[in-house]
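Notes follow once the structure below has been shown.
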Amino acid sequence: MTVEEVVGRVEELAGRVAMAPAQNTRGRYNGSESLVELTGGEPLLQEEIYPLAERLVAAGYTVMIETSGERFIGRLPQAVVKIVDVKCPDSGEADTFEMRNLRELTREDEVKFVISSRRDYEFAREFTREHGLVEKVRQVLFSPVFDDPAGKWKGLEARSLVEWILQDGLSVRLGLQLHKFVWDPATKGV
């Protein structure tokens with residue numbers, strides 16, 4: 001689909017007709033405006049993501065983009081809320097984070113760590129402290145890894161993660177993948 005087709009489909013799903021550019025003041029989503037979240041794979045691999053985000057912001061949508069953190073986020077419009085992953089050591093991708101992204105983060109953005117072990121937790125805790133993330137972004141999220149449905153890896157009990165967070169007095173939020181509680185964790189497309 002072209003950018004225009006995607007914007008048209010979003011407008012249709014939102015029950016809107018084509019709108020003139022609106023004043024979109026970047027701010028916390030409060031449910032009174034239309035929210036569009038761009039995710040899936042790595043959205044920043046698609047060059048069209050930048051004009052799409054610009055068009056959606058101009059149309060008055062609150063736009064969020066979830067990214068792996070390995071691509072530079074500085075090309076996104078300022079009004080886009082960025083949810084940026086920092087890969088932990090046990091992910092096997094710990095060295096992929098684009099460090100320039102730390103300079104681009106604002107008080108409206110979020111940083112997420114997916115944690116599968118005590119080692120991952122300690123990495124996330126120290127990264128958060130070293131880079132002042134709690135003061136820099138709206139939310140720092142620590143999410144436990146679920147068991148792999150194919151049995152390739154063991155998940156982390158959410159309770160263990162909560163106990164570590166409380167023990168260390170961290171001002172982070174526990175992030176749970178609710179779709180894995182509602183549906184079988186192996187279910188795709190939910």
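The values are calculated or read from the model by the stated rules, or taken from the named source; none is laboratory data. This is a predicted model, so every value here is computed, not measured. Cβ: placed from backbone, ideal geometry, glycine included. Neighbour counts: every protein chain shown. These area figures cover heavy atoms from the full protein model, side chains too; ligands, DNA and RNA do not enter into them. Shrake-Rupley method; radii C 1.70, N 1.55, O 1.52, S 1.80 Å.
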Among the residues of the stretch 89-111, are any within 22 Å of T39 (Cβ to Cβ), small (G, A, S), surrounded by 15 or more Cβ atoms within 10 Å (Cβ to Cβ) and modelled with pLDDT of 95 or more? no
From (1) farther than 23 Å from D168 by Cβ; (2) at pLDDT 95 or above, pick out the condition that doesn't hold for S117. (1)
Which of the residues that make up the stretch 42-53 are among the acidic types (D, E) and either farther than 15 Å from I73 by Cβ or more than 18 Å from the chain's Cα centre (by Cα) (or both)? E47, E48
For D148, which of the numbered conditions (1) under 23 Å from P185 (Cβ atoms); (2) open to solvent by 30 Å² or more (accessible area, probe 1.4 Å); (3) free of Cβ contacts under 8 Å to residues at least 12 places away in the same chain fails to hold? (2)
So for the stretch 151-160 (the condition being among the hydrophobic types (A, V, I, L, M, F, W, C) and touching an Asp or Glu at 6+ places or on another chain (Cβ under 7 Å)), does at least one residue qualify? no
Where G74 falls short, out of the listed (1) of a type outside the set (F, W, Y); (2) closer than 27 Å to S117 by Cα; (3) open to solvent by 20 Å² or more (accessible area, probe 1.4 Å); (4) modelled with pLDDT of 95 or more: (2)
Please specify each residue of the stretch 46-61 satisfying the condition of being under 30 Å from F146 (Cα atoms) and at pLDDT 95 or above. I49
Being open to solvent by less than 30 Å² (accessible area, probe 1.4 Å), in contact (Cβ under 8 Å) with a residue 12 or more places away in the chain and farther than 24 Å from V81 by Cα, is that true of even one residue in the stretch 121-143? yes
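Residue-by-condition table, conditions (1) open to solvent by 80 Å² or more (accessible area, probe 1.4 Å); (2) farther than 22 Å from E108 by Cα:
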site	(1), (2)
A158	no, yes
E163	yes, yes
L166	yes, yes
L170	no, no
Q177	no, no
F181	yes, yes
